[in-house]
Structure formats: structure tokens, C-alpha cells
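Trainee: Before anything else, here's the structure in question.
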Amino acid sequence: FSAFDKYPLADHQFYQIERLFNGTDRLASIIPLSNISRSVHLIPKFDSVRYRTWSSADVLDNCNVFYLNHFSDRSAFHTMV
């Protein structure tokens, strides 16, 4: 995924992240579990149309742009702001 911008988006104060590609291939890395400090709440960025074929089971595979909800809990807010 892309790096966070320095500031959240003005409309809702969420940070936006995007899936990165090399041509049509997704860029990905395998990282040690010890490098993960917490989970995050991602909200899919929908266009003007909601994709009814998407479900909670496959939205991470189908969507390319997400909002990071750093308001999901106090720890997330203080860690990411």
C-alpha cells in the first residue's frame, strides 16, 4: 500500500491509502510478524456506485483505495496522529 500523506483528508479526517501496482501486478512484501504492532480499521472508498458483488470476505481483494479509520479506538488515534 501507499504511504500515508502528511495530513488526513479535510472532509472526514481519514488518511487515504492505495494499493500499489507494478503494471497489473500488486506490489507486496512478506514481513516478520514481530514487525506488526496492531491491526487497523480500513474503510473501502466507494465510487458513486456501490459494488453489490463485494462482501466482507473479498472487499480487501476487490477494492484498491481505502480510508484508514484512526478514530476506531483511543490507541489508534494516538498512535497514528
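The values are calculated or read from the model by the stated rules, or taken from the named source; none is laboratory data. This is a predicted model, so every value here is computed, not measured. Reconstructed Cβ throughout: ideal geometry from the backbone, glycine too, with neighbour counts over all protein chains shown. With ligands, DNA and RNA removed, areas are computed over all heavy atoms of the protein, side chains included. Shrake-Rupley method; radii C 1.70, N 1.55, O 1.52, S 1.80 Å.
Trainee: Using θ = phi - 60° and the Karplus form 6.51 cos²θ - 1.76 cosθ + 1.60, what ³J(HN,Hα) does each residue of segment 10-15 get, whole Hz, x for Gly and Pro?
Mentor: Once θ is set to phi - 60°, the couplings for segment 10-15 become 5, 4, 9, 6, 8, 8 Hz.
Trainee: Another one. At most 16 other Cβ atoms within 10 Å and a DSSP loop assignment: could you name the chymotrypsin sites (Phe, Trp or Tyr not before Pro) in segment 1-60 that fit?
Mentor: For chymotrypsin sites (Phe, Trp or Tyr not before Pro) across segment 1-60 that sit outside H, G, I, E and B with at most 16 neighbouring Cβ atoms in 10 Å, the list reads Phe1, Phe4, Phe46, Tyr51, Trp54.
Trainee: If you don't mind, another one. Over the chain, what percent of the accessible surface lies on carbon and sulfur atoms, probe 1.4 Å?
Mentor: 54
Trainee: Full extension from Thr24 to Asn62: what is 0.36 nm times the residue separation minus their Cα-Cα distance, to one decimal in nm?
Mentor: In short, 12.3 nm is gained.
Trainee: Could you work out, for the chain, what percent of all Cα-Cα pairs fall into each 5 Å distance bin, beginning at 0 Å and stopping at the bin that holds the largest distance?
Mentor: Binned Cα distances yield the sequence 3, 12, 20, 23, 23, 13, 5, 1.
Trainee: Based on the mean of other Cβ atoms within 10 Å per residue, sort peptides 29-39, 61-71 so the most packed one is first.
Mentor: Per-residue mean Cβ counts within 10 Å order the peptides as 61-71, 29-39.
Trainee: Let me ask you something else. Measuring with a 1.4 Å probe in the full set of protein chains, what accessible area per residue, in whole Å², belongs to the chain?
Mentor: Accessible area per residue: 80 Å².
Trainee: Note the full-extension length gain between Ile31 and Ala10 as 0.36 nm times their separation in residues minus their Cα-Cα distance, in nm to one decimal.
Mentor: 4.4 nm
Trainee: Of all trypsin sites (Lys or Arg not before Pro) in segment 1-33, which ones are in loop regions per DSSP and have a Cβ with at most 14 other Cβ atoms within 10 Å?
Mentor: Counting only loop positions with at most 14 other Cβ atoms within 10 Å, the trypsin sites (Lys or Arg not before Pro) in segment 1-33 are Lys6.
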